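Undergrad: The structure follows.
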Amino acid sequence: MIELVNINKYYNPGTVNEMCLFKDFNLNVLDGEFVSVVGSNGSGKTSMLNIICGSIPIDRGTIRIGSEDITMMPEYQRQRRIGRVYQNPSMGTCPTMTILENMSLADNKGMSFNLTRGTNRKRIDSYRESLHSLNLGLEDKLHVPVGSLSGGQRQAMALLMATMTPIEFLILDEHTAALDPKTAELIMQLTDQVVKEKKLTTIMVTHNLRYAVEYGNRLIMMHQGEVVIDKAGDEKKVTEIDSILEKFNEISIECGN
């Protein structure tokens, strides 16, 4: 379980540009939940992910994974339990390295490095098998630089690499936003497959309302650092896009947009 307790986060504190993003914000994500998160720009979606992953500090509050307080745990240590896929495919892969080198790097996440070969030749067949599951022909391109792949191929690799080592949580930060519609559909299908096979607790931020409604077993909408919609289980199953759009429009009118 991921638990955010009384989170407070200010940007530019003590200046004329001070902004309070979160004030006593609380959220629990239960083990096995696949949570879709929607909301307008500036609602706090990505900042929430950054707080969970340790990319940005908080001013006050507590972050827990299970019974463990990880509030002061550095980002690199959290990554041993959390996999993350970003909006930009280049952030999850190294373009100048080959597919094989990228896979080897991901395979060694959390391990200590010493003066040995960076690529474990004994694992090549396993890498090929994992790549074959993507149905993108990448298993035959192990020595091709990742930078020469399409955005969709790189994002599929980023998803695979983020989940290669044993993790408990998967964080998806608008991971289909930079892709064309056909490729985005493929990546969402792969995402759903990986989440189910590995039984990962998942938080997915998306601007695609259809994905938010169709995928996962819980949906939340954020606005100005607060959760304004939270639907799970059977309530989530009957949620329609129109009802989410209606709330968006209601918020937009209230904000004078």
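The values are calculated or read from the model by the stated rules, or taken from the named source; none is laboratory data. All of these numbers come straight from a predicted model, not from anything done at the bench. When we count neighbours, we look across all protein chains shown, and the Cβ atoms used for this are built from the backbone with ideal geometry, even at glycine. Ligands, DNA and RNA are excluded from the accessible area calculation, which covers all protein heavy atoms including side chains. Shrake-Rupley method; radii C 1.70, N 1.55, O 1.52, S 1.80 Å.
Undergrad: Rounded to the nearest whole Å², what accessible area per residue is found for segment 145-241 with the 1.4 Å probe?
TA: That works out to 42 Å² for each residue.
Undergrad: If contacts are Cα pairs under 8 angstrom and at least 6 residues apart, what is the relative contact order of segment 1-101 in percent?
TA: It comes to 28 percent, rounded to a whole number.
Undergrad: How much accessible surface area, in Å² rounded to 10, belongs to the heavy atoms of T46 with a 1.4 Å probe?
TA: Around 50 Å² of this residue is reachable by solvent.
Undergrad: Please list the non-local residues whose amide H lies under 5 Å from the amide H of V228, H modeled 1.01 Å from N, same-chain partners needing a gap of 5 or more.
TA: M221, M222, H223
Undergrad: Moving on to the next point. Run the simple label-point estimate for D69 and M91 please: 7 Å along Cα→C-beta, distance reported in nm.
TA: 3.0
Undergrad: Using the Cα centre of segment 160-238 as the reference point, and only Cβ charges (+1 on K/R, -1 on D/E), how large is the resulting charge dipole? Debye, rounded to the nearest 20.
TA: 200
Undergrad: Right, another one. Using C-alpha positions alone, give me the convex hull volume of the chain per residue in cubic angstrom.
TA: 152
Undergrad: Per 5 Å bin from zero, what fraction in whole % of the C-alpha pairs of segment 41-181 is there, up to the bin with the longest pair?
TA: Computed distribution, short to long bins: 2, 9, 17, 20, 19, 14, 10, 6, 2, 0.
Undergrad: Same structure again: Of the accessible area of the chain, with the probe set at 1.4 angstrom, what percent is carbon plus sulfur?
TA: Carbon and sulfur together cover 49 percent of it.
Undergrad: Also, I was wondering about something else. Could you go through segment 154-166 in sequence order and give the Karplus-derived ³J(HN,Hα) for each residue, using 6.51 cos²θ - 1.76 cosθ + 1.60 with θ = phi - 60°, rounded to whole Hz, and x for Gly and Pro?
TA: Here the 3J(HN,Hα) series is 5, 5, 5, 5, 4, 5, 5, 5, 5, 10, 5, 8, x Hz.
Undergrad: Further question: Per residue, how much accessible area does segment 26-79 show when a 1.4 Å probe rolls over the protein heavy atoms, in square angstrom?
TA: Averaged over the residues of segment 26-79, the accessible area is 45 Å².
Undergrad: What's the whole-number percent of alpha carbon pairs in segment 100-237 lying beyond 22 angstrom?
TA: Here the long-distance tail beyond 22 Å is 46 percent of all Cα pairs in segment 100-237.
Undergrad: In the full protein assembly as shown, how much of K45 is accessible to a 1.4 Å probe, in Å² to the nearest 10?
TA: So the heavy atoms of K45 present about 10 Å² to solvent.
Undergrad: For S150, what accessible area in Å² do you get when you roll a 1.4 Å probe over the heavy atoms of the protein chains, rounding to the nearest 10?
TA: 60
Undergrad: If you average over every viewing direction, what projected area does the convex hull of the Cα atoms of segment 3-59 give, in nm²?
TA: 4.4
Undergrad: Does anyone have the angle between helix 181-198 and the longest principal axis of the chain? Alpha-carbon axes, 0 to 90°, nearest 10?
TA: Orientation of helix 181-198: about 80 degrees from the principal axis.
Undergrad: Work through the residues other than N8 whose Cβ is under 12 Å from its Cβ and net out their charges, Lys, Arg +1 and Asp, Glu -1.
TA: +1
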